[in-house]
Amino acid sequence: MTYELRDLKDQVIVITGATAGMGAATAKELVEQGAKVVLNARNETRLKEMVASLGEANATYIAGDCSEPSVSRAVAQAALDKFGTIDAVIPNAGIGMYGSILDYSDDEVNRMMRTNYEGTVHIIRACLPTMIAKKVGDIVIVSSVAGFRGGGDESIYAGTKHAQVGLAGGLDRELREKGVRVALVCPAGTETEFAIGAGRTAGTPVLASFLRSEDIAFQITTILKQPRSVRTHIWTLWSINQQS
């Protein structure tokens, strides 16, 4: 008997950090699967380009910093105004900086902590009431393998990812009885714009051995397509060339 996956046609899915890398790849994959996407990022020019590429019938956007509660609420409202509901949220916005705990300015450190953790909390808080009311939904948090063991050159970043792991564990226990599934996608290094100029250099040969954004998009889509009788929680991803 063929295993029956869920059809994502007309599912309404909110994605933060949606204009590049994993977020953009996930939006494209989901629209190809028939879903509708609500995109958030800071760069409005890129957001407009993405909506034009995906089709205005399939996508809408709100520009801004999702670590601001008012922006996250506006994103959720845009989903309701355009498509009438919210079926899933993918908190993906993230900043990475490599180096010592002392290497970056207060503003740079605070921006990373706010984006990676507070941005995750506030977009979930904004989208969750609709899913609880329906008694069905998915939260797929894009974290990192650094959330389980940070390297010596990423202590603050790893701390933000540890925070996401802790958040997801608590939410899983809080929400499973309410019909909302919570999953963590934790990639190792991925060839994106992430941390370019803050510990990574574009074109560095090692980047070619990393995961691709499409690898993570495929895993996110696979999680969302699982039958509602199935709940998975932690997915870690490594390329064949990376050391775990």
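The values are calculated or read from the model by the stated rules, or taken from the named source; none is laboratory data. Everything quoted here is computed from the prediction, not taken from an experiment. Here the Cβ positions follow ideal geometry from the backbone for every residue, glycine too, while neighbour counts run over all protein chains shown.
Quick look at the numbers
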| quantity | calculated |
| --- | --- |
| In the range 208-244, the residues that are assigned to a strand (DSSP E or B), hydroxyl-bearing (S, T, Y) and under 22 Å from V37 (Cβ atoms) | none |
| Members of the range 22-68 found to be in contact with a Phe, Trp or Tyr (Cβ under 6 Å, 6 or more places away or on another chain) and within 20 Å of T222 (Cα to Cα), listed by number | K36, L39 |
| All positions within the range 155-195 that are part of a helix (DSSP H, G or I), under 30 Å from P227 (Cα atoms) and among the small types (G, A, S) | A163, G166, A168, G169, G170 |
| Among (1) modelled with pLDDT under 95; (2) among the acidic types (D, E); (3) within 18 Å of the chain's Cα centre (by Cα) - the single one D65 does not satisfy | (1) |
| Residue match in the range 20-36 (condition: at pLDDT below 95 and either in contact with a Leu (Cβ under 9 Å, 6 or more places away or on another chain) or among the aliphatic types (A, V, I, L, M) (or both)) | yes |
| The range 231-244 residues that are under 14 Å from P187 (Cβ atoms), paired with ones that are surrounded by 13 or more Cβ atoms within 10 Å (Cβ to Cβ) and among the small types (G, A, S) (beta carbon under 6 Å, 6 or more apart) | W238/A188; Q242/A188 |
| Residue list for the range 139-154, filter: at pLDDT 95 or above and either assigned to a helix (DSSP H, G or I) or among the aliphatic types (A, V, I, L, M) (or both) | I139, V140, I141, V142 |
| Selection count, the range 159-213, where residues are under 17 Å from the mean Cα position of the chain (by Cα), among the acidic types (D, E) and at pLDDT 95 or above | 1 |
| Single residue of the range 214-231 satisfying the filter (within 16 Å of the chain's Cα centre (by Cα) and β-branched (V, I, T)) that is nearest to E177 (Cα to Cα) | I223 |
| In the range 101-135, residue surrounded by the fewest Cβ atoms within 10 Å (Cβ to Cβ) [restricted to those that are in contact (Cβ under 8 Å) with a residue 24 or more places away in the chain and polar (S, T, N, Q)] | T130 |
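This table checks each residue for (1) in contact (Cβ under 8 Å) with a residue 40 or more places away in the chain; (2) at positive phi; (3) outside any helix (DSSP H, G or I); (4) of a type in the set (A, V, I, L, M).
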position: G23; (1), (2), (3), (4): yes, no, no, no
position: K48; (1), (2), (3), (4): no, no, no, no
position: S72; (1), (2), (3), (4): yes, no, no, no
position: A93; (1), (2), (3), (4): yes, no, yes, yes
